[in-house]
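The values are calculated or read from the model by the stated rules, or taken from the named source; none is laboratory data. Given the structure is predicted, the values throughout are model-derived calculations rather than measurements. Here the Cβ is made from the backbone with ideal geometry for all residues, glycine too, and neighbour counts use every protein chain on show.
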Amino acid sequence: MTMNKIARSLGLTFLLAAGTATAQHAAAHGGPKDAKVTPLLTQEMKDIPGKEVLMITVDYPPGAADPVHRHDAHSYVYVLEGSIVMGVKGGKEVTLKAGDTFYEGPDDIHTVGRNASKTKPAKFVVMLVKNKGAEFFIPVK
């Protein structure tokens with residue numbers, strides 16, 4: 001086996017393990033139960049010590065909603081399909097459609113996150129810039 005094949009195999013194994021752990025983490029820690037969270041990438045930011053990027057997709061079935069939570073991260077949302085409603089404590093709820101973006105800061109409480117439709121699914125990608133190894137989904141009571 002060549003070094004490239006070994007490196008690719010190790011990289012794929014790491015991504016699969018990280019993805020499984022991230023999905024299990026969301027389920028075990030009160031993550032979105034109606035949503036399907038799919039990890040895409042975890043990458044250390046070598047030029048910013050102690051930081052990493054986590055990229056995920058979130059699939060909302062019709063009528064799905066998240067519990068109140070926060071992210072100890074800068075979160076950048078891009079809607080791929082359907083429409084979603086997002087809101088943070090102290091801000092206005094916004095309805096986003098495919099092509100729209102949304103930002104949450106590390107101190108924001110995400111009070112509203114749901115599919116705007118009761119009949120159509122929605123999908124969005126989230127890029128989180130966070131402390132390396134930090135939780136990405138923190139339930140708020």
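Within the range 82-97, the set of residues being surrounded by fewer than 15 Cβ atoms within 10 Å (Cβ to Cβ), under 12 Å from N115 (Cα atoms) and of a type outside the set (K, R) comprises V94, T95. Select from the range 64-109 the residues that are within 16 Å of L54 (Cβ to Cβ), touching a residue at least 40 places away in the same chain (Cβ under 8 Å) and not acidic (D, E) and list them in ascending order. Across the range 64-109, the qualifying residues are H69, R70, H71, A73, H74, S75, Y76, V77, Y78. Restricting attention to the range 56-81, the residues that are out of contact with any Ser or Thr (no Cβ under 8 Å at 6 or more places or on another chain), among the hydrophobic types (A, V, I, L, M, F, W, C) and more than 20 Å from S117 (Cβ to Cβ) total 1.
Would you say P61 is out of contact with any Gly (no Cβ under 6 Å at 6 or more places or on another chain), at pLDDT below 95 and within 26 Å of K141 (Cα to Cα)? So P61 does not fit the description; no.
Which of the following residues is in contact with a strand residue (DSSP E or B) (Cβ under 7 Å, 6 or more places away or on another chain) and at positive phi: G82, G90? Steps first, answer last, please.
Working: G90 fails: in contact with a strand residue (DSSP E or B) (Cβ under 7 Å, 6 or more places away or on another chain).
Only one candidate passes the filter, namely G82.
Of the strands (runs of 3 or more DSSP E) lying entirely inside the range 38-141, the ones with 1 or more residues being of a type in the set (D, E, K, R) are found at 51-60, 73-81, 94-97, 101-104, 109-115, 122-131. Looking across the range 8-45, the residues that are at pLDDT 95 or above and within 18 Å of H74 (Cβ to Cβ) come down to P39, L40, L41, T42, Q43, E44, M45.
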